[in-house]
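J.: The structure that follows is given in the form of C-alpha cells.
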Amino acid sequence: MVRNFVLLIAFTGGLVLLDRAIGTALRAAYDRTVTGEAGGQINDALRHAGRDIIVFGSSLARHQVDPKVLEDHLGLAAFNAGCNGQDIYYARMLESLLLQRQCKSRHFVYVLNWRDLVQDDLERSRMFSVFADESPTIRQILAPSLSQQIKLQSHAYRFNTLAVSTVRQLLVPEHEGTDGFVGIPIEYEPVSTDFADMDHDLRGGLTSSERQVMLQKLKLYRDFSDSAQRQHISLTFVVSPTYRDGRTRGLGERQILNELSKVADETQANFLVLDETTVPAFRDVLCFGDPRHLNARGAALLSRLLAECLASGPDDVAKKQRDDE
C-alpha cells in the first residue's frame, strides 16, 4: 500500500515536471514571436508599451487607424494594437499586461465595434492563457470557474491552441503593415448582398440573450476605462464609419452605442462619433475597402480627424462634429 502511494506520488511529480518542461520550452519559443493573430501580436504590443498613444480594437482598429498619421499631426509616438476578430476580452487583457509593464502612454484609443456587445467570443482570446500567472484580470476573465482554474494550472495546456502557430510564426513570420496598422489598398464596389446583415439589423432591436451579453461586456468596457483613468491615461472611444448605401443605423446598434456613450460619461472617457453621420466625406464609397472597413484613403482621413480630436478638448471635438454635419 505504501509502495503504491509512493509510486503514485512519483508519477504525479513526474507529470508535473514534464508539464513544466513542455510549458517552459513553448513559452521560450512564444516569447520570440511578434507576428500572427494567434498570439505574436500581443508580444509586439507589449514591446511598444512605451508609445504615447496605443490603439485598441478589432479589424476596425487595425485597418483604419494609422499611427504614422497620428505621429505626424501630434508629435507623439503611436502604435496600433488592434487585432482582427478580437473584442473587449482581448483589449482588456492586453491593457492589464501593458499597465503592469509600467505603460507610459498618454492616450488609449478604442475603436468600437458595436457587434462585439452581442457576441460572446471569449474562445478567440484564449491565447492570453500564456500570461495567466502575470495578471489577475486574465485569470478572472479566462477562468471564472474552478474547473477552468484547474486547467490553467497546466503550463502545457496554456499552449493548447498556440503550439503550431508559434512554430509557424518563428519559421515564417507574417510581417505586415507598419506599427500594427495594415491599410486596405482596394476600393469597394457595392453589391446588394453585402447589406443583408444591415437590413436584418433594421428590423428589430436586441434579443434577450443579446442583452445579457451586452450587460456582461459593458462591465469590461467600464473596467477598461477605469483602469486607464487610474493610471492617468486619457481614453477615447471612437465610432468609425460604415458604408450603408443610404441605410440608417438599426435599433440594436443605436441601443448599444447609447449604452457605450453612458459608459464613457460615467468613467470620464471621450466618446467620438467620427463616422458617416458626422463626417460627410465618409458617405463616399471611395473611402471604403468593404462596407465596414475604410481603405487606405479613408483610414488616412479618419486618422487625421482622430489626431485633431486628441489635440483638442471635448468641447472643441463636439464643435468640430457639428461643423462637419
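The values are calculated or read from the model by the stated rules, or taken from the named source; none is laboratory data. For clarity, every value in this text was computed on a predicted model and none was experimentally measured. Every residue, glycine as well, gets a Cβ built from its backbone with ideal geometry; the counts of neighbours run over all protein chains shown. Side chains are part of the model used for accessible areas, which takes the heavy atoms of the whole protein and leaves out ligands, DNA and RNA. Shrake-Rupley method; radii C 1.70, N 1.55, O 1.52, S 1.80 Å.
J.: What does a probe at ASP121 reach in the range 206-236, counting residues whose amide N is under 20 Å from the point 7 Å along Cα→Cβ?
T.: 206-207, 209-225
J.: Rank these residues by their accessible area, most exposed first, probe 1.4 Å: ASP179, ASP19.
T.: So the residues, ranked largest to smallest area, are ASP179, ASP19.
J.: Another question, if that's okay. Just order 284-297, 135-148 by mean Cβ neighbour count inside 10 Å, highest at the front, would you?
T.: Highest mean packing first, the order is 284-297, 135-148.
J.: Could you state the angle between the C-alpha long axis of helix 314-324 and the longest principal axis of the C-alpha atoms of the chain, as a value from 0 to 90 degrees rounded to the nearest 10?
T.: Between the helix axis and the principal axis of the chain, the angle is about 50 degrees.
J.: At a threshold of 8 angstrom on Cα-Cα distance, excluding pairs fewer than six apart, so keeping six or more, what relative contact order does the range 2-324 reach in percent? Don't jump to the answer; show the numbers that get you there.
T.: Working: 508 pairs, mean separation 74.5, N = 323.
Once divided by the residue count of the range 2-324, the mean separation gives 23 percent.
J.: Using alpha carbons only, how many degrees (0 to 90, rounded to 10) separate the axis of helix 88-100 from the longest principal axis of the chain?
T.: It is inclined by approximately 70 degrees.
J.: Working with all protein chains in place, sort GLU176, GLU189 by solvent-accessible area computed with a 1.4 Å probe, largest first. It would help to have the intermediate numbers written out before the result.
T.: On the way: GLU176 95, GLU189 150 Å².
Sorted descending by solvent-accessible area, the residues read GLU189, GLU176.
J.: Further, regarding this structure: Tilt of helix 2-30 relative to the longest C-alpha principal axis of the chain, in degrees (0 to 90, nearest 10)?
T.: Helix 2-30 sits roughly 30 degrees off the main axis of the chain.
J.: Within the accessible area of the chain, what % is carbon and sulfur when the probe is 1.4 Å and the other protein chains stay in place?
T.: Answer for the chain: carbon and sulfur cover 54 percent of the accessible area.
J.: Please express the shape of the range 2-324 as an equivalent ellipsoid: the semi-axes are the square roots of 5 times the eigenvalues of the C-alpha gyration tensor, given largest first in whole angstrom.
T.: In descending order, the three semi-axes are 38, 22, 20 Å.
J.: In square angstrom, what is the accessible area per residue of the range 2-324 with a 1.4 angstrom probe?
T.: In whole numbers, the range 2-324 has 48 Å² accessible per residue.
J.: List nothing, just return the count: lysine pairs in the chain, 8 or more apart or interchain, with Cα separation under 24 Å.
T.: Final tally of qualifying lysine pairs is 7.
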